[in-house]
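A.B. asks: This is the structure I have questions about; it appears just below.
The values are calculated or read from the model by the stated rules, or taken from the named source; none is laboratory data. In this text the structure is predicted, and so the values were computed from the model without any measurement. Here Cβ is always computed from backbone atoms with ideal geometry, including for glycine, and neighbour counts include all displayed protein chains. Just so you know, the surface numbers come from the protein's heavy atoms only, side chains and all, with ligands and any DNA or RNA stripped out. Shrake-Rupley method; radii C 1.70, N 1.55, O 1.52, S 1.80 Å.
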Amino acid sequence: MAFFNHAFRNLLAKIATAGIAFCATLMLPSMVGIEHFGIYAYIVVCIGFIIPITSFGFGAGTIYLLSSKRYHIHNTLITQLVLACFFGLLNVLFLLLLNAVGWLGSSFDEISQIEWLFFLTACWMQTLNFFMGRSLFGVSAFGSLNILDLTSSALHPILLLGSLCFFGGEQLYYIFFAQWLFALILFLMHVSILFRFSFQYSFDKLFVKDSLSYGLKSWLGDMALRANLRLDQMILGAISTATNIGVYNIAVKLTELIWYFPDALGPVLFNRLAETDSEVVRIGLLARIHRVVLCLCAMLSFIWILVVYFMVIPCFFKDSSQELNFAFFYPYAGLVNFGFFKIAYKIIFLLRQSNMDELCKFGRKCTCIRTLFFTHS
């Protein structure tokens, strides 16, 4: 019963989050312009793409070890924060390297030093937020996580528009400042939540070893998952214009609203499975949830296509309707199956299977091919 209660509360929070995200998707492009919206979206994508990839699976290992009760957050919190600081610095260096070789694209060609400082410090803080969030997942603090999700969805449009009004829209300064302030607020919220737990000032080397031992086996799969999710936008940002990124990001956001349903079940399901020793029970539970998720995603997807194509795009994006119609259907092919996959990969991680990368190789190749096709078109 606790599983369904957590899942239902998560679903309500995700519905609210989806509503905020939908309103922001409709409002921001028209208020800041497609080009500036594309730059802002690309900044968010860059940070969100590299953090899980450079974590070497430590986040997944943290969730598993805490949710399975093999370790307690009281003994491991300081260890996680120290490692998060290290990975944050690693991500900053990685971004500088990508820019040095020209892989971040033309969007970063003319930004100032202060804008770079905002961008890099935001990345560092978001890395800490990612690791602190993994700790909250591990201890099943879903109430706090729902508050963070809702706050995150509301902060994006509020801070961007607030910065636009305060600094003006002639320069890109307001975009980078908004992202920096967003990361700072979430960082302070994560700290205030986590530091309610009692903790020991010690570094647990055994926890690091066990976490990486588990996490590395799922790391390749996590990279494949991230590639399927965001590699298309990274490629687009590297080889195309900010306007194209903006158009495509709007289409992706409209498409991915369907995923809030499986996202509500995924974290709860993982912790529920981690507490169960029987693989038969695990697979049985997964099979039942899979059928529900697959049917609901298929039904919602059909309805959502009609709503977006005939109502949302003609009413809110008249000037870019032709490009958006193409971009909206472009990532839709794998939507329903990936909704199920967001549930299925929980048990793959749980069973310590590292062959998830094999399952995603075809998806990564298709991602690269269709992104190049979209850019050419």
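A.B. asks: Using a probe of 1.4 angstrom, how much of the accessible area of the stretch 151-260 is carbon and sulfur, in percent?
C.D. replies: 65
A.B. asks: What are the radius of gyration and Dmax of the stretch 24-67, computed over its Cα atoms and given in Å?
C.D. replies: 16.0, 45
A.B. asks: What is the gain in length, in nm to one decimal, between L96 and N75 on full extension, counting 0.36 nm per residue of separation less the C-alpha to C-alpha distance?
C.D. replies: Fully extending the segment from L96 to N75 adds 4.1 nm.
A.B. asks: Between F302 and L206, what is 0.36 nm times their sequence separation minus the Cα-Cα distance? Round to one decimal in nm.
C.D. replies: The F302-L206 span can extend by a further 29.7 nm.
A.B. asks: Take the Cα pairs of the stretch 75-144, get the Kirkwood Rh, then feed it into Stokes-Einstein at 10 °C and 1.306 mPa s and tell me D in µm²/s.
C.D. replies: 117
A.B. asks: While we're looking at this one, here's another question. Across the stretch 124-264, how large is the tail of the calculated P(r) beyond 28 Å, expressed as a percent of all Cα pairs?
C.D. replies: Result: 32 percent of Cα pairs exceed 28 Å.
A.B. asks: Taking every Cα atom in the stretch 116-207, find the radius of gyration and the maximum pairwise distance Dmax, and write them in Å.
C.D. replies: 15.6, 52
A.B. asks: Please report the spacing between the Cα centers of the stretch 17-40 and the stretch 160-239 in Å, no decimals.
C.D. replies: Spelled out, the Cα-based centre of one part sits 20 Å from the other.
A.B. asks: In addition: If I model a spin label at D319 and R291 as a point 7 Å from the Cα along the Cα→Cβ vector, what separation in nanometres do I get?
C.D. replies: Label at D319, label at R291, 5.0 nm between them.
A.B. asks: Can you work out the Karplus-derived ³J(HN,Hα) for every residue in the stretch 209-215? Use 6.51 cos²θ - 1.76 cosθ + 1.60 with θ = phi - 60°, whole Hz, and x for glycine or proline.
C.D. replies: 4, 5, 5, 6, 4, 6, x
A.B. asks: Tell me, what is the per residue accessible area of the stretch 65-213 in Å², probe radius 1.4 Å?
C.D. replies: Each residue of the stretch 65-213 exposes 47 Å² on average to a 1.4 Å probe.
A.B. asks: So what's the Cα pair-distance distribution over the stretch 27-144, bin width 10 Å, in %?
C.D. replies: Taking all Cα pairs of the stretch 27-144, the binned fractions are 13, 37, 28, 17, 5 percent.
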